[in-house]
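Data block below; observations after.
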Amino acid sequence: MRKLYFGMIVILLFVAAQSTNAQEEKKQLWYCAEEVVHPEHINEYWELSKELAELCKSEGTEYKFYAWTTGDFKYQYWHPINSLNDIDKHEKEWDDILAKFGKDKAENWQKTIKSTHSRTITEYSSMSIMPENPRVEQDSVNYMEFQEFYIIPGKQKEFERIMTEAVNHLKSEGHNDTWRVASGDLGYDGPVYIGWSFDKNQSEFLKHDEIFSKKHEDFFKELNKEIIKTLRTVEKKDSWFLRDLSYYGN
């Protein structure tokens, strides 16, 4: 679980927010560890994972993770790290947590997991909107919709140009919903880009998505004609934030 297997390691670049004069790039490494749970053990998995998150909090570990689920017995844990050298440190720290958890509990937790998978992404601020005063504050986020844009090989730069044009237009209109975009790296059928946005719940998301579509219909009608020429296919997925299984505090 929450260990990045050797073949899945990649550097993830995080591009910092644009200033008015120039865009300063900062590097931020992330990786995602996904656990597929045996359906018959879902309740046990939930309770034990919650205890593990609480143990990380009480121990004050450096090892942070944000837990999400797509609702199909898959749980994704997104981890920020400062460098690849941190991976060994975090794996050691996780082993220490499991040791403190106790042999029996650790073994019971591991038995609930059917399989694991790792993936990486590279997030870009030039294609993202991260308003200072977003409509939905981070503490209120419970739902996320993300889209996977599978690109025709060689069309990546064109996709990036179009997405940046769309983001710049929305920023000029004062759009205050968070929209983040990344390229999918290892673990994905590339080339692919992932775009995601948040809300308090799914019904609120759908309501505001309809408002957004009507407001910007004319602009995106023309832009969509361009972007569709870069695509192989698009997939949409729903995901729900799991605060009880996350550890991202001090």
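The values are calculated or read from the model by the stated rules, or taken from the named source; none is laboratory data. Source: prediction; values computed, not measured. Reconstructed Cβ throughout: ideal geometry from the backbone, glycine too, with neighbour counts over all protein chains shown. Each accessible area value is taken on the protein alone, full model and side chains, heavy atoms only, with ligands, DNA and RNA left out. Shrake-Rupley method; radii C 1.70, N 1.55, O 1.52, S 1.80 Å.
Data overview
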item: Residue count, the range 49-65 (criterion: out of contact with any His (no Cβ under 8 Å at 6 or more places or on another chain) and open to solvent by 20 Å² or more (accessible area, probe 1.4 Å)); result: 8
item: Search result, residues across the range 176-203 that are surrounded by fewer than 17 Cβ atoms within 10 Å (Cβ to Cβ) and in contact with a Pro (Cβ under 7 Å, 6 or more places away or on another chain); result: Asn176
item: Hey, Ser140 crowded, with 19+ Cβ neighbours inside 10 Å and of a type in the set (Gly, Ala, Ser) or not; result: no
item: Count - residues of the range 106-131 that are open to solvent by 30 Å² or more (accessible area, probe 1.4 Å) and in contact with a Leu (Cβ under 9 Å, 6 or more places away or on another chain); result: 4
item: Residue under evaluation Thr164, criteria (1) of a type in the set (S, T, N, Q); (2) assigned to a loop (DSSP other than H, G, I, E, B); (3) free of Cβ contacts under 8 Å to residues at least 40 places away in the same chain, criterion not met; result: (2)
item: Checking Glu93 against (1) modelled with pLDDT under 95; (2) in contact with a strand residue (DSSP E or B) (Cβ under 7 Å, 6 or more places away or on another chain); (3) of a type outside the set (Val, Ile, Thr), the condition it does not meet; result: (2)
item: Selected residue (only one of Asp86, Asp104, Asp139 is within 24 Å of Lys237 (Cα to Cα) and among the charged types (D, E, K, R)); result: Asp139
item: Unique match (being in contact with a helix residue (DSSP H, G or I) (Cβ under 9 Å, 6 or more places away or on another chain) and free of Cβ contacts under 8 Å to residues at least 24 places away in the same chain) among Ser197, Ser203, Ser172, Ser213; result: Ser213
item: Single residue of Gly174, Gly195, Gly187 found to be outside any loop (DSSP other than H, G, I, E, B) and of a type in the set (Gly, Ala, Ser); result: Gly195
item: Number of positions in the range 210-250 that are open to solvent by 60 Å² or more (accessible area, probe 1.4 Å), part of a helix (DSSP H, G or I) and of a type outside the set (S, T, N, Q); result: 14
item: Elements of type strands (runs of 3 or more DSSP E) in the range 45-149, at least 3 residues being small (Gly, Ala, Ser); result: 121-129
item: Tabulated pairs, the range 54-80, first modelled with pLDDT under 90, second part of a loop (DSSP other than H, G, I, E, B) and open to solvent by 20 Å² or more (accessible area, probe 1.4 Å), C-beta under 7 angstrom, 6+ apart or interchain; result: Lys64/Tyr248; His79/Lys64; Pro80/Gln28; Pro80/Lys64
item: Matching residues, the range 157-166, being open to solvent by 60 Å² or more (accessible area, probe 1.4 Å) and closer than 16 Å to Ser125 by Cα; result: Lys157, Arg161, Glu165
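Conditions (1) modelled with pLDDT under 95; (2) of a type outside the set (A, V, I, L, M), marked per residue:
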| position | (1), (2) |
| --- | --- |
| Met130 | yes, no |
| Glu173 | yes, yes |
| Ser203 | no, yes |
| Phe219 | yes, yes |
| Ser239 | no, yes |
